[in-house]
Amino acid sequence: MKRIQTVLSLLFIMVCLTGCEDNVSLTEEQNDLIAEYAANEVLQRNPDYEERLDRVKDASSDASGNPESTTEEQTTEELTTEAPLDASLTAPAGDTSSDDTTQTSTVSNMSELYSRYKLEVNYTGYKLTDSYQDSDDKSLAVEPINGGKLLVVKLGVKNLSDGKNNVDLLDAGYQYTLKTPTGSYTSLLTLVDSDFSVYQKTLKKNATKKAVLLFEVPKTAAKPLDGYTLHITNGTADVDVVIQ
């Protein structure tokens with residue numbers, strides 16, 4: 001309704017300006033301006049008209065070089081860079097090898113290796129056999145598992161303490177290796193009571209007990225055992241005992 005009233009008012013003004021007085025005359029340019037103004041007013045009040053006055057102003061602002069009224073969202077890609085590792089941090093200064101080497105000292109006899117347990121240990125002989133049993137326990141026999149022979153290394157163990165000595169070598173860390181001209185052999189771990197590699201006994205004062213180390217050797221092994229050596233180490237010291 002307001003739009004119709006506005007149009008009628010504009011038409012009335014135009015009629016008054018052009019028809020009421022004869023001495024009032026408008027040029028063609030003035031008539032065009034009036035018509036253009038009237039048309040623009042009608043269109044500005046039409047909700048379907050897309051070219052609004054504010055958009056005309058924005059367009060004129062853009063043409064003049066001013067910043068645009070609408071802000072474009074720009075997506076910035078964040079780049080994460082890792083600094084190269086400093087070579088000085090990767091290894092301690094002066095470290096030229098990653099392998100730790102433990103040097104062992106050689107002692108003159110077995111007793112020096114077992115001095116912390118207050119024991120005197122001596123090699124007393126050997127024998128080759130197809131099976132082994134303790135003289136005190138005939139119920140348990142050890143036999144070769146790979147078709148070879150058993151080399152029994154005999155030892156004498158004496159208590160050097162001033163009283164009873166509870167000896168426990170089960171987790172002492174000693175290693176026993178038999179070196180021969182044809183190869184090396186590690187001692188067998190058995191349930192034999194006198195097995196020195198897992199020796200657990202209570203020795204009375206000044207008592208001496210027998211002990212053995214058992215190795216499986218080739219079937220062809222025979223006396224004399226030339227070039228056979230027992231190597232014993234506890235990680236910090238070692239000793240070699242000739243088997244003869």
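The values are calculated or read from the model by the stated rules, or taken from the named source; none is laboratory data. Because the structure is predicted, anything quoted here is derived from the model rather than measured. Don't worry about glycine lacking a Cβ; one is built from the backbone with ideal geometry, like all the others, and counts go over all protein chains shown.
Annotations
- The residues of region 166-177 that are under 16 Å from S194 (Cα atoms) and among the polar types (S, T, N, Q) amount to a single one, N166.
- Filter result for L160 (surrounded by fewer than 17 Cβ atoms within 10 Å (Cβ to Cβ), touching a residue at least 40 places away in the same chain (Cβ under 8 Å) and of a type in the set (A, V, I, L, M)): yes
- Residue under evaluation L189, criteria (1) assigned to a strand (DSSP E or B); (2) under 23 Å from T104 (Cβ atoms); (3) touching a helix residue (DSSP H, G or I) at 6+ places or on another chain (Cβ under 7 Å), criterion not met: (1)
- Residue ID - surrounded by the most Cβ atoms within 10 Å (Cβ to Cβ), chosen from residues in region 228-244 that are at pLDDT 95 or above and part of a loop (DSSP other than H, G, I, E, B): Y228
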